[in-house]
Amino acid sequence: MMNREKTTRDPILLTPGPLTTSRRTKEAMLRDWGSWGVEFNRITDRIRTSLLQVAHDAGTHECVPLQGSGTFAVEAAIGTVVPKAGHVLVPINGAYCQRIAKICKYLDRRLSTIDYAERAQVRAEDIDARLAEDPSITHVALVHCETGAGILNPLEDVARVVAKHGKGLIVDAMSSFGAIDIDLRKFSVDAVVGASGKCLEGVPGMGFILIRRAVLEICEGNSHSLAMDLYDQWRYMEKTTQWRFTPPTHVVAALDEAIRQFEEEGGQPARGARYARNCEQLITGMQALGFQSFLPRALQAPIIVTFHAPADPTYEFKRFYDEVKQRGYILYPGKLTQVETFRIGCMGQIGGDPDGPSGMIGAVAAIADTVKSMGIKRIAAVT
Ligand SMILES: Cc1ncc(COP(=O)(O)O)c(C=O)c1O
């Protein structure tokens, strides 16, 4: 189905958060909540329980919510879980791994890295070797889905190696939580970090950290920051049932409603399957137009796909973006350092009706139409 007409609906966000949310989720924000109210605190409690269930918690972890975007939650996790004298190993294969390394520097935590190309997966064997070589490393911080290129890192293999060496593992699961299975019963992880406005399809504004209780209990005094201290946030919440500082009430209510729909859909297996379908339709459709995806299929997470920019001299991302937007879809710029790319997200309230304008087939049609209107002839990239 072609989308030649300018659309009057809100464009569909094909971005890795904020993303397109359902009407029910948006409507959940129409009420003002008092942060002291029992009803609101019940919502907080329900969310904390549900988030632990998404990760199959068997009573080992606590869910600590935190105000702010995803990076706030990652920074809070590093600052709270890693003692001041700790030493963090960060395997780096993209922009969000680099951000963790930057956080470690800001927080004055000792840092080591293993550097990979942006199209290579992190290898558990390399982490094994580095941990054997350097016993001063106390923690490994892994990005599960590196949203920079859209690559999936081997969480279970890494977790096994980290546990073998008796070290702590912190996982940035921002763009995977809810869509890709994370099973806390299967492997040992100190902290898993997620956020409201990603695969759970809430709105942005809060993060959450699932922390092993035995770890959290000994984290007092680690944090560099009062607002980011997850130990303090947890203790306060446990004591009072309330958030320590002003909660993002509308975001919390929207996440509660989004989680309800997540469960109605069939939880992580169904959410992951819908995104995988979106991803498949997207790649197949784009390849038929001549676009090349950056990653080999085996490494591609069903979350966001990076495409090479067309080689044609008439291509210019800003205009491409504007034209596709006029046809009802918002794309995302590339985040790679070496090659010119753009990204298309597979996540959000899209793909329930694959043939409708909101599905990937509609998005590919909008791109095909844009290619024609811009006069782009040579789509294959020079790689
Ligand atoms: C893997 C990963 N980590 C961290 C972040 C940072 O989140 P935010 O931009 O909400 O601070 C993102 C955002 O997309 C992400 O994909």
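The values are calculated or read from the model by the stated rules, or taken from the named source; none is laboratory data. Predicted model, so just to flag it, every value in this text is computed and none were measured. Note that each Cβ is placed from the backbone with ideal geometry, even for glycine, and that neighbours are counted across all protein chains shown.
Key figures for this structure:
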item	result
Single condition residue 215 does not satisfy, out of (1) assigned to a helix (DSSP H, G or I); (2) in contact (Cβ under 8 Å) with a residue 40 or more places away in the chain; (3) buried (at least 21 other Cβ atoms within 10 Å of the Cβ)	(3)
Hey, residue 35 of a type in the set (Ser, Thr, Tyr), within 16 Å of the ligand (Cβ to nearest atom) and either within 26 Å of residue 18 (Cβ to Cβ) or in the same structural domain as residue 101 (by TED's automatic domain parsing) (or both) or not	no
Qualifying residue in segment 115-137 (condition: in contact with a Ser or Thr (Cβ under 6 Å, 6 or more places away or on another chain), among the polar types (S, T, N, Q) and not assigned by TED's automatic domain parsing to the domain that holds residue 338)	no
Criterion (crowded, with 16+ Cβ neighbours inside 10 Å, within 21 Å of residue 233 (Cα to Cα) and in contact with a Gly (Cβ under 7 Å, 6 or more places away or on another chain)) met by exactly one of 17, 79, 70	70
Residue that is nearest to residue 274 (Cα to Cα), among those in segment 311-334 that are among the charged types (D, E, K, R) and surrounded by fewer than 20 Cβ atoms within 10 Å (Cβ to Cβ)	325
Number of the condition not met by residue 220 [criteria: (1) surrounded by 20 or more Cβ atoms within 10 Å (Cβ to Cβ); (2) of a type in the set (Asp, Glu); (3) free of Cβ contacts under 8 Å to residues at least 40 places away in the same chain]	(1)
Leading residue by the ranking (nearest to the ligand (Cβ to nearest atom)) among those in segment 140-168 that are under 19 Å from residue 110 (Cβ atoms) and surrounded by fewer than 24 Cβ atoms within 10 Å (Cβ to Cβ)	168
Unmet criterion (only one of (1) within 15 Å of the ligand (Cβ to nearest atom); (2) surrounded by fewer than 22 Cβ atoms within 10 Å (Cβ to Cβ); (3) β-branched (Val, Ile, Thr)) for residue 171	(2)
Entirely in segment 40-137, the helices (runs of 4 or more DSSP H) that have 3 or more residues that are among the aliphatic types (A, V, I, L, M), more than 24 Å from residue 336 (Cβ to Cβ) and away from the ligand (no atom under 16 Å from the Cβ)	124-133
